[in-house]
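First up is the structure itself, then whatever we jot down about it.
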Amino acid sequence: MTAPERASAPVRIMYKPWGVIAGVAGGMVAGAVFKQIWRLVRGEDKAPGATDPARGWTETALAAALEGAVFGGVKALVDRSAASSFAKATGTCGLTRSDALTQVSAARFNCRRHCA
């Protein structure tokens, strides 16, 4: 397979459902990971919600920060693996230049480096 090139419009359209499916699966995985971590940290099955009057500010902030970190990390891993597997399957990245520039801080877009 040759080096991945910038995707054409049909390939970008094909990538959209691929990315959506990966995102939904990633959200489910992140939720399960967060529940396990919260169970280890606090010994409770359910983390406090932002509007839960029985929980304090500190506990609510800790839960929100931990949940955000877990979801952010899982999202990055899922996005990276989805782009990489799509590139391997099709030979193209599937992302537009602007999509990739928002995901990587590179002065110049390089699909091979981003998706490989």
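The values are calculated or read from the model by the stated rules, or taken from the named source; none is laboratory data. Model, not experiment: these values are computed from the prediction. Quick reminder, even Gly has a Cβ in these numbers, built from the backbone with ideal geometry, and neighbours come from all protein chains shown.
So the check is Cβ under 6 Å with 6+ separation or different chains; which pairs have a first residue in the stretch 69-98 that's among the polar types (S, T, N, Q) and a second one that's loosely packed, with under 15 Cβ neighbours inside 10 Å and modelled with pLDDT under 85?
Note: pairs meeting the criteria are Thr92/Glu5.
Out of all the residues in the stretch 13-37, which are over 13 Å from Phe71 (Cα atoms) and of a type in the set (Phe, Trp, Tyr)?
Scanning the stretch 13-37 gives Tyr15, Trp18.
Taking Asp79 as the residue in question, decide whether it is modelled with pLDDT under 80 and either closer than 30 Å to Trp18 by Cα or not acidic (Asp, Glu) (or both).
Numbers: modelled with pLDDT under 80: no; either closer than 30 Å to Trp18 by Cα or not acidic (Asp, Glu) (or both): yes.
It is false that Asp79 is modelled with pLDDT under 80 and either closer than 30 Å to Trp18 by Cα or not acidic (Asp, Glu) (or both).
Residues of the stretch 39-68 being in a loop (DSSP other than H, G, I, E, B) and surrounded by 10 or more Cβ atoms within 10 Å (Cβ to Cβ), which ones? Explain how you work it out, then say what you get.
Here is the first cut: in the stretch 39-68, the ones in a loop (DSSP other than H, G, I, E, B) are 43-56.
If the condition is that a residue be in a loop (DSSP other than H, G, I, E, B) and surrounded by 10 or more Cβ atoms within 10 Å (Cβ to Cβ), then Glu44, Lys46, Ala47, Pro48, Gly49, Asp52, Arg55, Gly56 are the ones that fit.
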